[in-house]
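The values are calculated or read from the model by the stated rules, or taken from the named source; none is laboratory data. Remember, it's a predicted structure, so these values are computed and weren't measured experimentally. Here the Cβ is made from the backbone with ideal geometry for all residues, glycine too, and neighbour counts use every protein chain on show.
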Amino acid sequence: MTNSSQPPLDAAKEHHLVTTKINDQPAKTLVDQQTAGADLIGSKFCTLHNLLLYPLKNPITLQMTMKGSKGSISHYTKVNCDWLGWSEERIFYVAARKDWDVILGSPALRHAKAVINMGTISVTIQPPGISRITLAPWKTTTSQKTPWKNSSTTSNHPTPAKTNIFHFQATPTHQII
């Protein structure tokens with residue numbers, strides 16, 4: 001089989017990006033049910049917004065499936081996560097993230113009874129006792145500039161070249177103190 005006869009790959013880079021607020025700060029948020037076991041927040045976002053970080057008793061390994069590399073998580077934070085229609089206090093593990101401020105993984109999505117529609121690239125949630133809410137898609141505007149990006153960059157949040165899928169693996173011995 002030659003390269004010219006290979007089936008085409010889907011070139012669409014449509015991620016499920018929504019807007020949330022973390023402690024009243026807009027956050028570019030990836031909705032990713034493949035982030036199993038935890039919700040993640042970027043270390044730069046935490047630094048920029050002076051979020052209080054708590055050390056983990058034992059660091060946790062973060063495996064990145066697509067890249068095949070590993071990272072280490074040594075801190076977590078407790079924040080108010082506003083889904084723009086419903087707010088809750090949530091624990092996020094702090095990880096180095098450059099493409100998104102927050103990743104809502106399977107714990108948050110399961111708790112909020114999220115429905116991800118691949119056809120319309122939309123996400124709805126139905127938290128306990130509340131009617132179903134459609135999450136606001138992320139739109140880059142001049143008011144949502146990310147300070148750590150070069151000001152000459154044309155887009156504040158470029159679409160990544162390839163999707164990174166994260167699997168958070170923790171054993172019961174990894175307890176938060």
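Provide a single number: the residues in region 114-158 that are over 16 Å from Leu30 (Cα atoms) and either among the small types (Gly, Ala, Ser) or at pLDDT 85 or above (or both).
13
Filter region 108-124 down to residues that are β-branched (Val, Ile, Thr), surrounded by fewer than 19 Cβ atoms within 10 Å (Cβ to Cβ) and within 15 Å of the chain's Cα centre (by Cα), then give me how many there are.
1
Sort through Thr77, Thr35, Thr61 and tell me the only one that's polar (S, T, N, Q), in contact with a Phe, Trp or Tyr (Cβ under 8 Å, 6 or more places away or on another chain) and in contact (Cβ under 8 Å) with a residue 60 or more places away in the chain.
Result of the check over Thr77, Thr35, Thr61: Thr35.
Please verify whether region 126-139 includes one or more residues that are buried (at least 21 other Cβ atoms within 10 Å of the Cβ) and among the small types (Gly, Ala, Ser).
No, region 126-139 contains no residue that is buried (at least 21 other Cβ atoms within 10 Å of the Cβ) and among the small types (Gly, Ala, Ser).
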